[in-house]
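Working notes, beginning with the structure itself.
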Amino acid sequence: MIVQKQMLTKLKDFGLNSYEAKLWTGLLSRGVATAGELSDIANVPRSRSYDVLESLERKGFVIMKLGKPIKYIAVPPTEVVERVKKHVQEEAEGQQKLLEELRGSDVLQELTVLHKQGVELVDPMELTGVVKGRQNLYHQLASLVKDAKKSVVIMTSEAGALRKADMLKTALQKAKENGVRIRVLAPLKNQSVQKAFATVAQVKHAESSGSRFCVVDGKQVVLMPTNDAETHANYDFGVWVNIPSFGAAIENIFNNVWDSN
């Protein structure tokens, strides 16, 4: 039996490795078969077939038929999808419960104290890093913004402003409720950016210069050097710097542009 590589790759979304995908699709083509037959059909070493089929049985993809020789029955794909969906939901709910328990635990408090003590011993020059991928950038920005005490300034592209209004919505709202002043500079071709930030920030027009950065409390800075219109989200990146003197300098640049518009 020949199964296209593209299909085998797609089956990884079901949580299957290469051998599991080959044996399961082989069994689907036969309905019922022995491990030896499946090994020949799927081109999987016989020495691995039993272990792999046992794994598929645990995952709910196959059923072992009673009797000898031992045979396996394929679970219909539609049923498998439902089983995988239920498993993912249960796993996610379990992880969420563990995280909620951890949030209020002594362990988290101890880890937080340990982190604060460690940071106090670090030279500020060491508190810099590269954040890779646009999704990770937004996570970092959200973390900084929600903990802001006084100010948040953002300079970005028009598309970037719209993305940030959406992705940082909760963090921006929390900062606003805490009395933080939030200002955004971006090219304004229409009213969409103003509307997106209407409830949380002041917005002004700035000619597109390709500059993208965020400064929180005049101390922490995230610089995004690339042009987001020309950079795939997966390859976007930012440089996080936690040096007050540098943060103040970047915020002064922002203020000069803000005051001139």
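The values are calculated or read from the model by the stated rules, or taken from the named source; none is laboratory data. These numbers were taken from a predicted model, which means no experiment stands behind them. Using ideal geometry, Cβ is built from the backbone for each residue, glycine included, and neighbour counts are taken over all protein chains shown.
Take ALA198 and decide whether it is touching a residue at least 12 places away in the same chain (Cβ under 8 Å) and of a type outside the set (Asp, Glu).
no
Of all residues in the stretch 53-111, those being acidic (Asp, Glu) and modelled with pLDDT of 85 or more number 2. In the set VAL241, VAL222, VAL215, VAL153, only one residue is among the aliphatic types (A, V, I, L, M), touching a helix residue (DSSP H, G or I) at 6+ places or on another chain (Cβ under 8 Å), modelled with pLDDT under 90 and under 21 Å from VAL131 (Cα atoms); that residue is VAL241. Kindly list, by first and then second residue, each pair from a residue in the stretch 74-92 that is surrounded by 11 or more Cβ atoms within 10 Å (Cβ to Cβ) to a residue that is of a type in the set (D, E, K, R), limited to pairs with Cβ atoms under 9 Å and residues at least 6 apart or on different chains. Every condition considered, the pairs that remain are ALA74/ARG30; VAL75/ARG83; VAL80/LYS59; ARG83/LYS59; VAL84/ASP13; VAL84/LYS59; HIS87/LYS59.
Restricted to helices (runs of 4 or more DSSP H) entirely inside the stretch 142-217, those with at least 3 residues that are surrounded by 17 or more Cβ atoms within 10 Å (Cβ to Cβ) and among the small types (Gly, Ala, Ser) are 158-167.
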